[in-house]
Amino acid sequence: MDKLIIILVMAEEKWQEADFLCQEIESRGYKAVILDMGLLGKPSGPCKITREEIISLSGRDIKEVALITDRGKRMPVMVDGAIQKVKQLYSGGKIGGIISVGGTTGTQMGTSIMKSLPFGVPKFAVSSTASLPAFAARYIGTADITLMHSVVEIAGLNSLMKNVLSRAAGAICGMVEASAKVPVPLLGESKKLLIAMTHFGPCEECAVNIRNLLEKEGYEVIGFSAAGIGDRAMDGIIEKQDIFKAVIDLCPGGIGEELLGFTRAAGPTRLEAAGKKGIPQVIAPGAVNWGSPLKRDYKPEYSLRKRFDYDALRSFLKLSKEEMITVADTMAAKLNKAKGPVKFLIPLGGWSSLDKRGTDYYEPELDRAFVDELKKKLRPDIEVKEVDADLETPEFAQAVVEALREVVTA
């Protein structure tokens, strides 16, 4: 309760609501301060962290910024300055949680500022536009932000808005309390070594097998869904926080999806964060030979490919030989930059539950094109080990665990 809860608001528009929220938070025994990230117009009330301080922290001149009448041009100034302020407070151990109140602009700015804080810091956004199509994904991105739809417009302290803000105050206070009770452990602080691992539906049995084996050895496995957001979030946490002892990238298919413009695209820097930090890595090609383009983007030649309708929402297409080689080239280039030990395991009996040996989707000649290219392009010290089993078998899981032991002790 000694730490602050930061309230982000455009104080020329929503100060009254922020002030009520501040009182609600403090009535629960917590300390709260309002940070003014306002754009145009004077704040409607006093703010502990003023917009003048925020502008100064952005590196811009206050008088110069005062002449900017374009909201869009002022936004990055205020976001940059606010990020500097919250980072400053966080590094000083003064932030317990952060909450924003606003419409579209206020939520865009508030959540952008929240994303600068590490995983585990309570982040809560109260927004009247939380449910607009595509906006929620933009607001949250890969961060652990909780988004509350106010339903009613945030425009004055009517009885419904007071109800919303009181519930929001209770939520952020509860999150701060819970976070203090179960903090995110840094490397060396936990009794168990934490391992990051990517998951994907067609490779889930393998992930479960690996987790069970590692838990028996005293590890704790933290899973991330390799659907383009979870795997990107994993890389973000690895980059910003020292949490993980090693990484098992079981399903790095987001790399190929990014190259080909498919739905599980995981960003241009996927598979690079652990290497930059020197964290040991074990890589497997879980479902890397499948792609998931939007059906509206299907090319005529896709009709000639093998297709698997996984569920009502997802259909997967087999990648071509040329695409497999391109993916292998890209993965090799990324892994060659790694500062820590890396091992790449290849299951010869199939790379997922979809294409294991004995199914119509098992195409070892296509898989071989990937493997040959990978071996040709990887550094000599990065071992590519072939395992005569399909990815979903206990034998392959055991091979992954053995490889993990080797890279961790390297």
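For the stretch 125-148, a residue qualifies if it is at pLDDT 95 or above, buried (at least 24 other Cβ atoms within 10 Å of the Cβ) and within 24 Å of Asp235 (Cβ to Cβ), and exactly one does: Ala125. The set of residues in the stretch 292-314 being closer than 14 Å to Phe262 by Cα and in a helix (DSSP H, G or I) consists of Lys295, Arg296, Asp297, Tyr302. When Leu39 is tested against the conditions (1) surrounded by fewer than 18 Cβ atoms within 10 Å (Cβ to Cβ); (2) assigned to a loop (DSSP other than H, G, I, E, B), the lone failure is (1).
None of Ser116, Ser44, Ser100, Ser112 is more than 23 Å from the chain's Cα centre (by Cα), of a type in the set (Gly, Ala, Ser) and surrounded by 15 or more Cβ atoms within 10 Å (Cβ to Cβ) except Ser44. Would it be correct to say that Arg232 is crowded, with 18+ Cβ neighbours inside 10 Å and without any contact (Cβ under 8 Å) to a residue 24 or more places away in the chain? Criteria not met by Arg232. If you filter the stretch 268-294 down to residues that are surrounded by fewer than 19 Cβ atoms within 10 Å (Cβ to Cβ) and under 26 Å from Lys306 (Cα atoms), you find that the one that is modelled with the lowest pLDDT is Leu294.
Can you name the helices (runs of 4 or more DSSP H) wholly within the stretch 51-108 that have at least 3 residues being under 30 Å from Lys181 (Cβ atoms) and touching a residue at least 60 places away in the same chain (Cβ under 8 Å)? Spell out the reasoning first.
On the way: elements: 51-57, 62-66, 71-91.
Output list reads 71-91.
Taking the numbered list (1) of a type outside the set (Val, Ile, Thr); (2) farther than 25 Å from Ala168 by Cα; (3) at pLDDT 95 or above in turn, Met114 passes all entries but (2).
Tell me the helices (runs of 4 or more DSSP H) entirely within the stretch 188-270 that contain at least 1 residues that are closer than 14 Å to Ile283 by Cβ and touching a Lys or Arg at 6+ places or on another chain (Cβ under 7 Å). Before you say what the answer is, go through the steps one by one.
Numbers: elements: 204-216, 230-240, 254-260.
Correct list: 230-240, 254-260.
A single member of Leu317, Leu345 is in contact with a Gly (Cβ under 7 Å, 6 or more places away or on another chain) and part of a strand (DSSP E or B), and it is Leu317. Cβ-Cβ distances below 7 Å connect the following pairs, each with a first residue in the stretch 292-308 that is closer than 20 Å to Pro202 by Cβ, a second residue that is of a type in the set (A, V, I, L, M) and surrounded by 10 or more Cβ atoms within 10 Å (Cβ to Cβ), and a separation of six or more residues or different chains: Pro293/Leu317; Tyr302/Leu317; Arg305/Leu317; Arg307/Leu317; Phe308/Leu354.
The values are calculated or read from the model by the stated rules, or taken from the named source; none is laboratory data. Computed from a prediction, not measured in an experiment: that's the story for all the values here. A quick note on method: Cβ atoms are made from the backbone with ideal geometry, for glycine too, and the neighbour counts reach across all protein chains shown.
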